[in-house]
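I am attaching a structure below and will ask some questions about it afterwards.
The values are calculated or read from the model by the stated rules, or taken from the named source; none is laboratory data. Given the structure is predicted, the values throughout are model-derived calculations rather than measurements. Note: ideal-geometry Cβ built from the backbone for every residue, glycine included; neighbour counts use all protein chains shown. Each accessible area value is taken on the protein alone, full model and side chains, heavy atoms only, with ligands, DNA and RNA left out. Shrake-Rupley method; radii C 1.70, N 1.55, O 1.52, S 1.80 Å.
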Amino acid sequence: MSATTRSRLVVNGEAQIFSGDPRRTLLDFLRLDLRLPGTKKGCDHGQCGACTVIVNGRRINSCLSLAAMHDGDEITTIEGLGTPDALSPLQRAFIGHDGFQCGYCTPGQICSATAMLEEVKAGWPSVVADISGDNPDITDEDLSERMSGNLCRCGAYSNIIAAIREAMGAKGAAE
Ligand code: FES
Ligand code: FES
């Protein structure tokens, strides 16, 4: 008999209990146990970002995290950001700018961008730019760096940047 672990998580605003193998990843818990298929499994090795979810406001790769580690945490998946009738600003912008082709990477891109915009608001620097001063200039290069943990096999990057810029309310969105 294998050991089991129990933890209580809040997923998209609803309390959920994880009880099972302590090696179960957060990604598998979300997709297989809670039947939330929006979060995608791409590489399963922390390299593609398809599995990105937001934990207590921070974006993480759910394939590299164990469900048992998240007792008391608030998890937001793409299903928690908006619905077809009430899309989040980023979801709307991705559609408006054709920010996806196959759509496989899209939930992770949108979760990542949602948390990334909060990081920008908080003045977090990236490798490319220190934006801690007044009126920081967020360049496309800086946005690309901030989103570099999310790969898109279809190469929809320029439209993704345009969508993020629209959601930021910034001028000069890429075409
Ligand atoms: S599936 Fe988690 S980073 Fe690729
Ligand atoms: S839209 Fe196909 S992988 Fe990004």
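Mean-square fluctuation check for the chain, GNM, Cα pairs under 10 Å: which of A68, A115, A15 is largest?
Largest GNM mean-square fluctuation: A15.
Turning to a different aspect of this structure: Once you've got the GNM for the chain with C-alpha springs shorter than 10 Å, pick whichever of L117, L34, L90 has the biggest mean-square fluctuation.
Largest GNM mean-square fluctuation: L34.
Region 82-121: Rg/Rh from Cα coordinates, Kirkwood Rh?
Value, to two decimals: 0.97.
Please work out the FRET efficiency for the pair S19 and T139, using the Cβ-Cβ distance as r and a Förster radius of 45 Å; give the result to the nearest 0.05.
E(calc), rounded to 0.05, equals 0.45.
Could you work out the relative contact order of the chain? I mean the mean sequence separation of Cα pairs under 8 Å and 6+ apart, divided by the number of residues, in percent.
Worked out over the chain, it gives 22 percent.
With N set to the residue count of region 128-167, report its C-alpha Rg divided by 2.2 N^0.38 Å to two decimal places.
For region 128-167, the normalised Cα radius of gyration is 1.26.
Over region 89-175, give the accessible area per residue in Å² for a 1.4 Å probe, as an integer.
Accessible area per residue, region 89-175: 53 Å².
Select from I17, A167, C63 the residue farthest towards the positive end of the dipole of the chain; place +1 on Cβ of Lys and Arg, -1 on Cβ of Asp and Glu, and compute about the Cα centre.
I17
By its C-alpha gyration tensor, with a ≥ b ≥ c as the square roots of the eigenvalues, how is the chain shaped: rounded for a/c under 1.5, else prolate for a/b larger than b/c, else oblate?
prolate
So if R0 is 25 Å, what FRET efficiency would T83 and V10 give, r being the distance between their Cβ atoms, rounded to the nearest 0.05?
0.85
On the accessible surface of the chain, probed at 1.4 Å, how many percent belong to carbon and sulfur atoms?
50 percent
Using a simple charge model, +1 on the beta-carbon of Lys and Arg, -1 on the beta-carbon of Asp and Glu, nothing else, what dipole does the chain show about its Cα centre, in debye to the nearest 20?
The dipole magnitude comes to about 620 debye.
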